[in-house]
Amino acid sequence: MEIGGISFAPLKVPMDRRLQTLAAGAAFVWLIFGGFICVIFSIYLILFTKFWLLTIAYLLWVMFWDKPISQQGGRPWKWVRGWRWWKYLKAYFPTTLERLPWVELDPKKNYLFCCFPHGMLSLGVFCSFGTEYGEFNTHFPYHKPHIVTLSQHYIMPFFREMALSLGGISAEAAAIDYVLKYPEGGHACILMPGGAQESYYCKPGQYKIILKKRKGFVKLALKNGSPLVPVLSFGETDTFDQVEGATLRKVQEFLRKRIGIAPVVPVGRGFFQYTFGLVPRRKPIWVVVGKPMNIPKIENPTNEQIEQYHSMFVDCLQKMFEEQKFNYLEDPENKKLIIE
(Lines give C-alpha, C1' and ligand atoms only; values in the text may rest on other atoms or scores of the structure.)
Protein backbone atom coordinates (compact mmCIF):
# COMPACT_ATOMS: atom_id res chain seq x y z
CA MET A 1 0.00 0.00 0.00
CA GLU A 2 1.38 3.41 -1.02
CA ILE A 3 0.28 6.73 0.48
CA GLY A 4 1.87 10.05 -0.44
CA GLY A 5 4.84 8.34 -2.06
CA ILE A 6 5.49 6.19 1.01
CA SER A 7 5.20 2.43 0.56
CA PHE A 8 3.73 0.89 3.71
CA ALA A 9 4.08 -2.71 4.84
CA PRO A 10 0.90 -4.81 4.70
CA LEU A 11 -0.98 -5.34 7.95
CA LYS A 12 -0.93 -9.11 7.71
CA VAL A 13 2.77 -9.80 8.18
CA PRO A 14 3.80 -13.08 9.88
CA MET A 15 5.16 -12.67 13.40
CA ASP A 16 8.52 -14.19 12.42
CA ARG A 17 9.05 -11.48 9.81
CA ARG A 18 8.10 -8.78 12.31
CA LEU A 19 10.65 -10.16 14.76
CA GLN A 20 13.26 -10.23 12.01
CA THR A 21 12.60 -6.55 11.24
CA LEU A 22 12.78 -5.70 14.95
CA ALA A 23 16.11 -7.55 15.23
CA ALA A 24 17.54 -5.68 12.22
CA GLY A 25 16.42 -2.30 13.57
CA ALA A 26 17.74 -3.06 17.06
CA ALA A 27 21.08 -4.13 15.55
CA PHE A 28 21.45 -0.75 13.84
CA VAL A 29 20.62 1.17 17.01
CA TRP A 30 22.98 -0.94 19.11
CA LEU A 31 25.92 -0.83 16.71
CA ILE A 32 25.66 2.94 16.14
CA PHE A 33 24.43 4.24 19.48
CA GLY A 34 25.09 1.36 21.89
CA GLY A 35 28.34 2.74 23.28
CA PHE A 36 26.85 6.16 23.95
CA ILE A 37 23.74 4.61 25.53
CA CYS A 38 25.91 2.52 27.85
CA VAL A 39 27.96 5.53 28.95
CA ILE A 40 24.75 7.42 29.83
CA PHE A 41 23.45 4.33 31.62
CA SER A 42 26.66 4.11 33.68
CA ILE A 43 26.35 7.76 34.72
CA TYR A 44 22.73 7.13 35.70
CA LEU A 45 23.70 4.13 37.83
CA ILE A 46 26.35 6.17 39.67
CA LEU A 47 24.30 9.32 40.28
CA PHE A 48 20.77 8.05 40.81
CA THR A 49 20.78 4.44 42.03
CA LYS A 50 21.96 2.35 44.94
CA PHE A 51 24.30 0.49 42.56
CA TRP A 52 26.74 3.41 42.34
CA LEU A 53 29.50 1.68 44.28
CA LEU A 54 29.18 -1.53 42.24
CA THR A 55 29.27 0.50 39.01
CA ILE A 56 32.40 2.39 40.09
CA ALA A 57 34.05 -0.90 41.05
CA TYR A 58 33.21 -2.27 37.58
CA LEU A 59 34.66 0.80 35.86
CA LEU A 60 37.86 0.57 37.88
CA TRP A 61 38.12 -3.13 37.02
CA VAL A 62 37.80 -2.28 33.33
CA MET A 63 40.35 0.54 33.46
CA PHE A 64 43.05 -1.10 35.56
CA TRP A 65 42.60 -4.84 35.11
CA ASP A 66 40.47 -6.00 32.20
CA LYS A 67 41.31 -3.37 29.58
CA PRO A 68 44.03 -5.44 27.82
CA ILE A 69 41.68 -8.38 27.17
CA SER A 70 40.65 -6.94 23.78
CA GLN A 71 44.31 -7.24 22.71
CA GLN A 72 44.74 -10.74 24.12
CA GLY A 73 42.31 -12.85 22.14
CA GLY A 74 39.12 -11.45 23.60
CA ARG A 75 36.56 -13.27 25.70
CA PRO A 76 33.97 -15.02 23.47
CA TRP A 77 30.95 -16.46 25.25
CA LYS A 78 29.09 -19.19 23.40
CA TRP A 79 25.87 -18.48 25.32
CA VAL A 80 25.72 -14.88 24.02
CA ARG A 81 26.74 -15.93 20.52
CA GLY A 82 23.88 -18.42 20.59
CA TRP A 83 21.05 -16.00 21.45
CA ARG A 84 18.01 -16.69 19.28
CA TRP A 85 17.90 -12.96 18.56
CA TRP A 86 20.83 -13.39 16.15
CA LYS A 87 18.90 -16.07 14.27
CA TYR A 88 16.17 -13.53 13.50
CA LEU A 89 18.78 -10.99 12.39
CA LYS A 90 20.44 -13.48 10.05
CA ALA A 91 17.09 -14.57 8.61
CA TYR A 92 16.00 -10.97 7.97
CA PHE A 93 18.18 -10.41 4.91
CA PRO A 94 18.87 -13.42 4.81
CA THR A 95 22.63 -13.87 5.18
CA THR A 96 24.38 -16.97 3.85
CA LEU A 97 28.00 -17.93 4.48
CA GLU A 98 29.51 -19.92 1.64
CA ARG A 99 32.98 -21.18 0.86
CA LEU A 100 34.30 -22.03 -2.56
CA PRO A 101 34.44 -25.83 -3.11
CA TRP A 102 38.24 -26.01 -3.03
CA VAL A 103 38.68 -23.96 0.16
CA GLU A 104 40.17 -25.86 3.12
CA LEU A 105 41.86 -24.55 6.26
CA ASP A 106 44.78 -26.26 7.97
CA PRO A 107 43.80 -26.86 11.65
CA LYS A 108 47.40 -26.13 12.69
CA LYS A 109 47.49 -22.66 11.10
CA ASN A 110 46.01 -19.28 11.98
CA TYR A 111 44.36 -17.29 9.21
CA LEU A 112 43.64 -13.66 8.44
CA PHE A 113 40.23 -13.31 6.76
CA CYS A 114 40.08 -10.03 4.81
CA CYS A 115 36.47 -9.00 4.16
CA PHE A 116 35.13 -6.59 1.52
CA PRO A 117 33.19 -4.40 1.16
CA HIS A 118 32.69 -2.94 4.65
CA GLY A 119 29.24 -1.59 3.77
CA MET A 120 27.38 0.54 6.29
CA LEU A 121 27.64 -1.85 9.26
CA SER A 122 29.34 -5.04 7.98
CA LEU A 123 26.09 -6.89 8.66
CA GLY A 124 27.00 -9.89 6.52
CA VAL A 125 30.30 -10.32 8.33
CA PHE A 126 28.67 -10.01 11.75
CA CYS A 127 25.90 -12.52 10.95
CA SER A 128 28.40 -14.96 9.45
CA PHE A 129 31.24 -14.82 11.99
CA GLY A 130 29.85 -13.18 15.12
CA THR A 131 27.16 -15.68 16.15
CA GLU A 132 26.60 -19.41 16.40
CA TYR A 133 24.02 -19.20 13.59
CA GLY A 134 26.51 -18.03 10.99
CA GLU A 135 27.64 -21.45 9.68
CA PHE A 136 31.29 -20.68 10.39
CA ASN A 137 31.54 -23.74 12.63
CA THR A 138 30.00 -25.87 9.89
CA HIS A 139 32.50 -24.81 7.25
CA PHE A 140 35.54 -24.39 9.51
CA PRO A 141 35.02 -26.57 12.61
CA TYR A 142 38.67 -26.44 13.72
CA HIS A 143 38.99 -22.65 13.91
CA LYS A 144 37.70 -19.95 16.27
CA PRO A 145 36.72 -16.60 14.72
CA HIS A 146 37.84 -13.28 16.22
CA ILE A 147 36.09 -10.27 14.69
CA VAL A 148 38.32 -7.19 14.56
CA THR A 149 36.38 -4.03 15.49
CA LEU A 150 37.12 -0.44 16.49
CA SER A 151 39.33 -0.02 19.54
CA GLN A 152 36.83 2.50 20.96
CA HIS A 153 34.32 -0.30 21.47
CA TYR A 154 36.43 -1.75 24.27
CA ILE A 155 36.53 1.33 26.46
CA MET A 156 32.73 1.73 26.51
CA PRO A 157 31.31 0.25 29.74
CA PHE A 158 28.87 -2.62 29.29
CA PHE A 159 28.96 -2.21 25.49
CA ARG A 160 32.44 -3.74 25.54
CA GLU A 161 31.12 -6.85 27.27
CA MET A 162 28.76 -7.54 24.38
CA ALA A 163 31.53 -6.97 21.82
CA LEU A 164 33.88 -9.31 23.69
CA SER A 165 31.18 -11.96 24.18
CA LEU A 166 30.53 -12.05 20.43
CA GLY A 167 34.20 -12.77 19.75
CA GLY A 168 35.45 -9.25 19.14
CA ILE A 169 39.02 -8.03 19.50
CA SER A 170 40.53 -4.57 19.11
CA ALA A 171 41.53 -3.24 15.69
CA GLU A 172 45.11 -2.68 16.81
CA ALA A 173 48.10 -4.41 15.28
CA ALA A 174 49.05 -5.89 18.64
CA ALA A 175 45.62 -7.51 19.03
CA ILE A 176 45.70 -9.13 15.58
CA ASP A 177 49.31 -10.17 16.07
CA TYR A 178 48.40 -11.85 19.37
CA VAL A 179 45.81 -14.09 17.69
CA LEU A 180 47.96 -14.90 14.68
CA LYS A 181 50.77 -16.00 17.02
CA TYR A 182 48.80 -18.78 18.73
CA PRO A 183 51.34 -21.62 18.48
CA GLU A 184 48.76 -24.41 18.17
CA GLY A 185 46.87 -22.73 15.31
CA GLY A 186 43.11 -23.00 14.98
CA HIS A 187 42.25 -19.28 15.03
CA ALA A 188 41.00 -16.83 12.41
CA CYS A 189 41.04 -13.02 12.57
CA ILE A 190 38.10 -11.49 10.71
CA LEU A 191 39.28 -8.11 9.45
CA MET A 192 37.65 -5.37 7.34
CA PRO A 193 40.78 -3.66 5.90
CA GLY A 194 38.73 -0.85 4.36
CA GLY A 195 37.57 0.18 7.82
CA ALA A 196 34.94 2.77 8.69
CA GLN A 197 36.04 5.04 5.84
CA GLU A 198 34.82 2.46 3.33
CA SER A 199 31.23 2.99 4.51
CA TYR A 200 31.25 6.23 2.49
CA TYR A 201 31.01 4.03 -0.60
CA CYS A 202 27.97 2.09 0.57
CA LYS A 203 25.59 2.53 -2.37
CA PRO A 204 23.20 -0.10 -3.78
CA GLY A 205 24.87 -2.05 -6.56
CA GLN A 206 28.27 -0.41 -6.01
CA TYR A 207 31.40 -2.35 -5.04
CA LYS A 208 34.03 0.23 -4.25
CA ILE A 209 36.65 -0.57 -1.62
CA ILE A 210 39.71 1.00 0.01
CA LEU A 211 42.75 -1.23 -0.34
CA LYS A 212 45.59 0.34 -2.33
CA LYS A 213 47.15 2.03 0.71
CA ARG A 214 46.01 -0.50 3.32
CA LYS A 215 49.07 -2.72 3.69
CA GLY A 216 49.46 -3.19 7.43
CA PHE A 217 47.47 -6.43 7.37
CA VAL A 218 49.93 -7.88 4.84
CA LYS A 219 52.83 -7.04 7.13
CA LEU A 220 51.13 -8.83 10.04
CA ALA A 221 50.44 -11.86 7.87
CA LEU A 222 54.10 -12.00 6.77
CA LYS A 223 55.41 -11.67 10.33
CA ASN A 224 53.35 -14.69 11.36
CA GLY A 225 53.25 -16.70 8.15
CA SER A 226 49.45 -16.55 8.27
CA PRO A 227 47.60 -17.14 4.98
CA LEU A 228 45.38 -14.31 3.73
CA VAL A 229 41.80 -15.34 2.98
CA PRO A 230 39.78 -13.14 0.58
CA VAL A 231 36.13 -12.74 1.60
CA LEU A 232 33.48 -10.95 -0.47
CA SER A 233 30.06 -9.91 0.85
CA PHE A 234 27.80 -9.80 -2.19
CA GLY A 235 24.70 -7.74 -1.43
CA GLU A 236 26.18 -5.94 1.59
CA THR A 237 25.98 -2.54 -0.09
CA ASP A 238 22.33 -3.06 -1.06
CA THR A 239 21.12 -2.89 2.55
CA PHE A 240 21.53 0.90 2.80
CA ASP A 241 21.79 4.00 0.63
CA GLN A 242 23.04 7.28 2.11
CA VAL A 243 22.73 11.05 1.93
CA GLU A 244 25.70 12.63 0.12
CA GLY A 245 27.16 16.08 -0.45
CA ALA A 246 30.50 17.90 -0.55
CA THR A 247 29.92 19.88 2.65
CA LEU A 248 28.53 16.83 4.44
CA ARG A 249 31.61 14.80 3.45
CA LYS A 250 33.94 17.42 4.99
CA VAL A 251 32.02 17.25 8.25
CA GLN A 252 32.03 13.45 8.15
CA GLU A 253 35.79 13.32 7.61
CA PHE A 254 36.39 15.83 10.41
CA LEU A 255 34.41 13.66 12.83
CA ARG A 256 35.81 10.34 11.57
CA LYS A 257 39.40 11.42 12.22
CA ARG A 258 38.50 12.25 15.81
CA ILE A 259 36.10 9.51 16.84
CA GLY A 260 37.13 6.69 14.49
CA ILE A 261 33.59 6.22 13.16
CA ALA A 262 32.39 7.46 9.78
CA PRO A 263 29.19 9.41 10.63
CA VAL A 264 27.29 8.66 7.42
CA VAL A 265 23.61 9.50 7.07
CA PRO A 266 22.01 6.15 6.14
CA VAL A 267 18.85 5.70 4.13
CA GLY A 268 17.14 2.39 4.78
CA ARG A 269 13.54 1.59 5.59
CA GLY A 270 11.25 1.94 8.60
CA PHE A 271 9.59 -0.65 10.80
CA PHE A 272 6.22 -0.19 9.07
CA GLN A 273 7.17 1.26 5.67
CA TYR A 274 9.77 0.56 3.01
CA THR A 275 10.66 4.06 1.77
CA PHE A 276 13.00 5.56 4.38
CA GLY A 277 14.34 4.96 7.87
CA LEU A 278 17.24 3.47 9.82
CA VAL A 279 16.35 -0.21 9.46
CA PRO A 280 18.50 -2.04 6.87
CA ARG A 281 16.71 -3.00 3.69
CA ARG A 282 15.73 -6.64 3.38
CA LYS A 283 18.26 -7.72 0.75
CA PRO A 284 20.05 -11.09 0.60
CA ILE A 285 23.74 -11.12 1.52
CA TRP A 286 26.13 -13.87 0.45
CA VAL A 287 29.44 -13.91 2.33
CA VAL A 288 31.79 -15.93 0.14
CA VAL A 289 35.10 -17.25 1.47
CA GLY A 290 37.79 -17.65 -1.17
CA LYS A 291 40.94 -19.72 -1.40
CA PRO A 292 43.63 -18.82 1.16
CA MET A 293 46.74 -17.17 -0.26
CA ASN A 294 49.77 -18.76 1.37
CA ILE A 295 52.24 -16.34 2.94
CA PRO A 296 55.84 -17.10 3.96
CA LYS A 297 56.92 -16.26 7.50
CA ILE A 298 59.25 -13.27 7.45
CA GLU A 299 60.01 -11.76 10.86
CA ASN A 300 60.97 -8.35 9.48
CA PRO A 301 59.49 -7.99 5.99
CA THR A 302 60.85 -5.25 3.78
CA ASN A 303 58.65 -2.70 2.05
CA GLU A 304 59.31 -4.48 -1.23
CA GLN A 305 58.11 -7.79 0.18
CA ILE A 306 55.00 -6.19 1.66
CA GLU A 307 54.27 -4.52 -1.67
CA GLN A 308 54.79 -7.82 -3.53
CA TYR A 309 52.29 -9.80 -1.46
CA HIS A 310 49.86 -6.91 -1.28
CA SER A 311 49.78 -6.81 -5.10
CA MET A 312 49.25 -10.56 -5.19
CA PHE A 313 46.33 -10.29 -2.79
CA VAL A 314 44.73 -7.46 -4.78
CA ASP A 315 44.96 -9.57 -7.94
CA CYS A 316 43.50 -12.56 -6.10
CA LEU A 317 40.57 -10.52 -4.77
CA GLN A 318 39.88 -8.95 -8.16
CA LYS A 319 39.90 -12.34 -9.87
CA MET A 320 37.58 -13.81 -7.25
CA PHE A 321 35.08 -10.98 -7.72
CA GLU A 322 35.06 -11.38 -11.49
CA GLU A 323 34.50 -15.13 -11.20
CA GLN A 324 31.86 -15.10 -8.47
CA LYS A 325 29.76 -12.05 -9.40
CA PHE A 326 27.84 -14.12 -11.95
CA ASN A 327 26.58 -16.36 -9.14
CA TYR A 328 25.27 -13.61 -6.85
CA LEU A 329 24.67 -10.29 -8.60
CA GLU A 330 22.06 -8.95 -10.99
CA ASP A 331 23.47 -7.55 -14.22
CA PRO A 332 26.96 -8.92 -13.38
CA GLU A 333 28.47 -7.81 -16.69
CA ASN A 334 28.18 -4.19 -15.57
CA LYS A 335 29.39 -4.70 -12.00
CA LYS A 336 33.05 -4.01 -11.26
CA LEU A 337 35.18 -4.11 -8.13
CA ILE A 338 36.65 -0.62 -7.86
CA ILE A 339 39.77 -0.48 -5.69
CA GLU A 340 41.02 2.81 -4.28
| field | For the chain, built as a Gaussian network whose Cα springs stay under 10 Å, the top-fluctuating residue of Lys223, Lys12, Lys208 | value | Lys12
| message | With every protein chain kept in place and ligands, DNA and RNA left out, what is the accessible area per residue of the chain? Probe 1.4 Å, answer in Å². | response | 50 Å²
| Per residue, what volume in Å³ does the Cα convex hull of the stretch 120-278 take up? | 146 Å³
| query | Under a point spin-label approximation (7 Å from Cα along Cα-to-Cβ), what is the Asp106-Ala246 distance to one decimal in nm? | reply | 5.3 nm
| remark: Cα extents of the stretch 280-322 per principal axis, largest first, Å, are 46, 20, 17
| query | Using alpha-carbon pairs under 8 Å, 6+ residues apart, how would you state the relative contact order of the chain in percent? | reply | 23 percent
| How large is log10 I(q)/I(0) at q = 0.11 Å⁻¹ when the Debye formula is applied to the Cα atoms of the stretch 1-124, each weighted equally and without solvent? | -0.70
| query | Over the heavy atoms of Arg81, what accessible area does a 1.4 Å probe trace out, to the nearest 10 Å²? | reply | 10 Å²
| query | So what's the Cα pair-distance distribution over the chain, bin width 10 Å, in %? | reply | 5, 24, 34, 25, 9, 2, 0
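Leaving ligands, DNA and RNA out of it, rank Ser70, Ser311 by accessible area with a 1.4 Å probe, largest first.
On the way: Ser70 5, Ser311 50 Å².
Sorted descending by solvent-accessible area, the residues read Ser311, Ser70.
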| query | Tell me, how many Å apart are the Cα centres for the stretch 311-340 and for the stretch 214-258? | reply | 17 Å
| Roughly what would the spin-label model give for Lys50 and Asn300, points 7 Å off Cα along C-beta, in nm? | 6.2 nm
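Please report the projected area of the stretch 52-123's Cα convex hull averaged over all directions, in nm². Please report the intermediate quantities before stating the final value.
Numbers: hull surface 34.4 nm².
With every direction weighted equally, the projected area is 8.6 nm².
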| said: In Å, what Kirkwood hydrodynamic radius results for the stretch 192-340 from the alpha-carbon pair distances? | reply: 17.2 Å
| remark: The long-range amide H neighbours of Tyr111, using H built 1.01 Å from N in the peptide plane and a cut-off of under 5 Å, are His187, Ala188, Cys189
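What number, in percent, do you get for the relative contact order of the stretch 55-190 if the mean sequence gap of Cα pairs under 8 Å and at least 6 apart is divided by its residue count?
Details: 193 pairs, mean separation 53.2, N = 136.
Relative contact order for the stretch 55-190 comes out at 39 percent.
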| task | Bin all alpha-carbon pair distances of the stretch 33-75 at 10 Å intervals from 0 and give each bin's fraction as a whole percent. | result | 27, 44, 27, 3
| message | Highest mean first, how do 113-126, 26-39, 84-97 rank when packing is the count of other Cβ atoms within 10 Å averaged over residues? | response | 113-126, 84-97, 26-39
| message | Across the stretch 115-206, what fraction of all alpha-carbon pairs, as a whole percent, falls in each successive 5 Å bin from zero upward? | response | 3, 13, 22, 24, 21, 12, 5, 1, 0
| Of all DSSP beta bridges in the stretch 187-340, what percent run antiparallel (nearest 5)? | 75 percent
| Of Lys67/Lys257; Lys108/Lys336; Lys78/Lys250; Lys250/Lys283, those spanning more than 32 Å from alpha-carbon to alpha-carbon | Lys108/Lys336; Lys78/Lys250
| remark: Counting only protein heavy atoms with a 1.4 Å probe and every protein chain in place, the carbon and sulfur fraction of the accessible surface of the chain in whole percent equals 63 percent
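The values are calculated or read from the model by the stated rules, or taken from the named source; none is laboratory data. Note that this is a predicted model, so its numbers are computed, not measured. Every residue, glycine among them, receives a Cβ derived from its backbone with ideal geometry; neighbour counts consider all protein chains shown. Only protein heavy atoms, including side chains, enter the accessible area calculation; ligands, DNA and RNA are left aside. Shrake-Rupley method; radii C 1.70, N 1.55, O 1.52, S 1.80 Å.
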